[in-house]
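Right, I'll just put the structure down here and ask away after.
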Amino acid sequence: MQKQITRFLNHLRVGKSASEQTLKAYQGDLRDFLLFLQEHCGCPQEGFEQMLQFFTAANVRKYISWLLARQYHRSSIQRKLSAVKSFTRFLCREGLMDGNPLQEVSGPKREKKLPRFLYPQDVLALLEQPDLTKPKGMRDRAWLELLYASGIRISELTGLNLGDLSLAGCQMLIRGKGNKERIVFFGKEAQTALYRYIQQGRRRIAPQIHDESAVFLSTRGNRMTSRNARYSLDKYVERLAALQHVNPHMLRHTFATHMLNGGADLRSVQELLGHSNLSTTQIYTHLTRENLKKIHDETFPR
C-alpha cells in the first residue's frame, strides 16, 4: 500500500503541481485513515489486495463519524476525505481498483465562517508600527504594505524574487497554488516602502546574505519564512490595544474587502487573489453586506 501512496503523491507533485505542504498533508491523512482501518475495522497491516478490501463507503462513513466524535474541525475532515477519495480515484485510473466505492460519500457541511478583516484606521495604525530607522523595520513596513496592497498569500510573499518585481510599474509576477502564475499590482505606498527597503535596508539586514534572489530576507540572511513574518506581526500587534489575533492572512481578507467596498467587481478581485473559482471569492460579498448593514444600523434614525 505504501508503494501506491508514494506513486500517488508523485502523481500529484508532477501531474498536478501540488505544493509540498499539500503533499505532506495528504500523506498524513492517508496514514491516519489506514491506521483507523487497522485499529477499528480489522484491516491487516500488510498486503495491498487485502487492505484494499477495507476501502468501502461504510468504513469511510464510520471514519467520518469517528472524527466528528473527536471534535475535528469540519474543514479538516473534508480535507482528510478529499485525500482518501483522490487516492481511490488514482487507484481506479491505474486499474488497481474496480469501481470507486467512495464516489458517493460526502463529508459534513463546512461551517460558514466569515473571514476576519481590519478596518482602514486599524490597517494604518499597524503599518506605522515598524521602526523605519532600522533595516528590519524597513523590511516589515515593506511586506506589510505589500500584503495589504496586493492581497497575495504569505507563502507567495516569502517566495517572491527580485526578478519578479517591477517597482516602476507597481506590479509583480506571483506563483500561486499549483505553480499558477498571475500578474498582481500594488500602489504607491507599497512602492515607496519597497524602494526604501531594497535600496537602504536589504543589504544591511544581515551580516551576510545567503539568498541573493529573495526579496524579503531574515536577519540571518536567509529567505524570510512565514514564521518570521508572523513573529514580527505579533510584536507589532502587541503594541495596539485595539487589535487582537491578527495574522498575515487577515491582510489578504482586508485587501479583498476594501476593494469590494471601494467598488471593484467580483471578477477582478477573483483574478487578483488568484482564486480558481468565483464561489471562493464570493464570501467577501457577505463581508461587504455586513459592513453596509452596520452603517445602516448606526446612521438610520429609525
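No lab work stands behind these numbers, since they all come straight from the coordinates. What you see is a predicted model; the values in this text were computed from it and never measured. No Cβ is skipped: glycine too gets one built from the backbone with ideal geometry, and neighbour counts run over all protein chains shown.
If every alpha-carbon in the range 2-93 counts as one equal scatterer, what log10 I(q)/I(0) does Debye give at q = 0.16 1/Å?
-0.65
Per 0.36 nm of contour for each residue apart, how much would the distance between residue 282 and residue 125 grow if the chain were fully extended, relative to their Cα-Cα spacing? Before the final figure, lay out the partial values.
On the way: separation 157, 0.36 × 157 = 56.52 nm, distance 2.80 nm.
Working it through step by step, the gained length comes to 53.7 nm.
Additional query: Give 3/24; 85/180; 109/180 a once-over and call out the pairs whose C-alpha atoms are over 19 Å from each other. Walk me through the intermediate numbers first.
Working: 3/24 16 Å; 85/180 24 Å; 109/180 28 Å.
Flagged as over cut-off: 85/180; 109/180.
Rounded to the nearest 500 deg cm²/dmol, what is the calculated helix-only ellipticity per residue at 222 nm for the chain, with -39500 (n - 2.57) per DSSP H run of length n ≥ 4?
Rounded to the nearest 500, the figure is -17000 deg cm²/dmol.
Once you put a point 7 Å from the Cα of residue 210 and another 7 Å from the Cα of residue 264, both along the Cβ direction, what distance in nm separates them?
3.5 nm
What shape does the range 227-275 have by the C-alpha gyration tensor, where a ≥ b ≥ c are the square roots of the eigenvalues, rounded means a/c under 1.5, and otherwise prolate means a/b greater than b/c and oblate the rest?
Here the range 227-275 falls in the oblate category.
Return, for the Cα atoms of the chain, the radius of gyration and Dmax in Å, separated by a comma.
Using the Cα atoms of the chain, the pair Rg, Dmax is 23.1, 72 Å.
If I stretch the segment between residue 239 and residue 271 completely, what's the gain in nm (0.36 nm per residue apart, minus their alpha carbon distance), one decimal?
Length gained between residue 239 and residue 271: 8.1 nm.
How tilted is helix 20-40 with respect to the longest principal axis of the chain? Cα atoms for both, answer in degrees (0 to 90, nearest 10).
So the inclination is approximately 30 degrees.
Once both axes come from the Cα atoms, what is the angle between helix 226-238 and the longest principal axis of the chain, in degrees from 0 to 90, rounded to 10?
Approximately 50 degrees, to the nearest ten.
Please state the relative contact order of the range 63-193 as a whole percent: Cα pairs under 8 Å, 6+ residues apart?
Numbers: 96 pairs, mean separation 19.2, N = 131.
Worked out over the range 63-193, it gives 15 percent.
Next up: Can you give the angle from 0 to 90° between the axis of helix 57-69 and the longest principal axis of the chain, with both taken from C-alpha atoms, to the nearest 10?
50 degrees
Given the range 120-299 reduced to its alpha-carbon atoms as identical point scatterers, what log10 I(q)/I(0) does the Debye formula return at q = 0.11 Å⁻¹?
Debye curve over Cα of the range 120-299, log10 I(q)/I(0) at q = 0.11 Å⁻¹: -0.48.
Moving to a separate point now. Ranked highest first by average number of other Cβ atoms within 10 Å, how do 141-148, 58-65 line up?
141-148, 58-65
Do me a favour and compute the ellipsoid semi-axes for the range 86-155 from its Cα gyration tensor, root of five times each eigenvalue, largest one first, whole Å.
On the way: eigenvalues 458, 66, 11 Å².
Largest first, the range 86-155 gives 48, 18, 7 Å.
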